[in-house]
Amino acid sequence: MTRAVALLAAGLLGLVAALWTWTRPGDPALIPTSAPDRVTVHLLNNGFHTDLAVPRAALEAGGGPLAQASRSVGPGDWILIGWGDARYFTDPRPMEHRIPDGLRAFFWPGNPSVIMLDPQADDPSLRFPADRRRTLSLSPQAFAGLHGRIEQSMALTGGNPRLVLARPGPEARFFASREHFWIGYLCNSWTARVLNAAGLPVRPMRAVTAGEIMATIDRTELDTAARQD
């Protein structure tokens with residue numbers, strides 16, 4: 001009996017280790033360091049949550065529901081894009097007032113979620129210190145993958161994005177997502193899937209923290225530099 005328990009424990013540890021180190025492969029050929037038609041995208045980290053800052057012109061160039069949603073928000077050359085629990089993410093109160101709701105979002109499975117589109121007049125990465133931002137130069141094919149994965153996440157009604165909440169004035173709008181938020185699939189997990197669609201390899205089980213998403217880009221840059229040497 002003791003031997004069986006030991007074997008079971010060893011098997012479980014091996015499974016956990018395998019999942020923890022599992023990497024979803026990307027496509028390094030999609031990530032150029034320089035190209036005349038590259039699209040610059042920023043990853044912004046506020047300490048626990050990551051947003052993508054995308055040039056509005058690139059976001060709207062291809063048409064489709066995501067471009068339609070982008071055109072519906074206020075003026076600005078950049079769009080901040082994030083994903084999260086529909087109730088927690090749209091609550092403007094300070095975090096300390098939202099702790100009970102945060103626990104609900106974590107531990108109750110199947111929560112509705114939203115995609116945030118927040119227009120920015122200037123490059124929002126300039127407001128973040130260097131250790132809280134990363135920049136990607138994406139080929140048109142890589143950006144198409146990123147664009148398509150965000151659009152795939154949108155819940156549509158009659159082919160159109162479904163608005164859940166519009167903040168007053170030229171501020172963020174939140175559109176319904178077909179994906180669900182819970183502890184097994186958090187905001188940073190979503191960002192990792194979007195980056196993976198753009199060609200970056202990601203570690204899905206670790207992609208629960210903003211730091212891991214930053215590390216995803218750092219590893220990609222190191223791999224790119226090594227291939228060029």
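Mind listing just one residue for me: the one in region 99-115 that is open to solvent by less than 20 Å² (accessible area, probe 1.4 Å) and within 18 Å of the chain's Cα centre (by Cα) and, of those, farthest from residue 69 (Cα to Cα)? Give the steps one after another, and end with the answer.
Looking only at region 99-115, we keep the residues that are open to solvent by less than 20 Å² (accessible area, probe 1.4 Å), and these are 102, 105, 111, 113-115.
If we keep only those that are within 18 Å of the chain's Cα centre (by Cα) as well, we get 105, 111, 113-115.
Details: 105: 25, 111: 22, 113: 16, 114: 13, 115: 10 Å.
Checked region 99-115; the qualifying residue farthest from residue 69 (Cα to Cα) is 105.
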Open item on the list: Among the residues that make up region 202-213, is at least one of them in contact with a Lys or Arg (Cβ under 6 Å, 6 or more places away or on another chain) and of a type in the set (Asp, Glu)?
Closed with: yes
Task: Residue list for region 57-98, restricted to those being open to solvent by 50 Å² or more (accessible area, probe 1.4 Å) and either closer than 11 Å to residue 117 by Cβ or part of a strand (DSSP E or B) (or both) - done: 68, 71
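So, residue 171, is that one open to solvent by 20 Å² or more (accessible area, probe 1.4 Å), over 19 Å from residue 43 (Cβ atoms) and within 16 Å of the chain's Cα centre (by Cα) or not?
So residue 171 fails the test.
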- [ ] Take the residues in region 116-154 that are assigned to a loop (DSSP other than H, G, I, E, B) and in contact with a Pro (Cβ under 8 Å, 6 or more places away or on another chain), then tell me which one is least open to solvent (accessible area, probe 1.4 Å).
- [x] 139
Open item on the list: Please go through region 155-168 and give me each residue that is at pLDDT 95 or above, assigned to a strand (DSSP E or B) and open to solvent by less than 60 Å² (accessible area, probe 1.4 Å), ordered by number.
Closed with: 161
TODO: Check region 202-223 and report whether any residue there is open to solvent by less than 50 Å² (accessible area, probe 1.4 Å), under 13 Å from residue 25 (Cβ atoms) and hydrophobic (A, V, I, L, M, F, W, C).
DONE: yes
Open item on the list: Residues that are within 19 Å of residue 87 (Cα to Cα) and small (Gly, Ala, Ser): does region 138-149 have at least one?
Closed with: no
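The values are calculated or read from the model by the stated rules, or taken from the named source; none is laboratory data. What you see is a predicted model, and the numbers here were worked out from it, not measured in a lab. Using ideal geometry, Cβ is built from the backbone for each residue, glycine included, and neighbour counts are taken over all protein chains shown. Note: accessible area is taken over every heavy atom of the protein model, side chains too, but ligands, DNA and RNA are not part of it. Shrake-Rupley method; radii C 1.70, N 1.55, O 1.52, S 1.80 Å.
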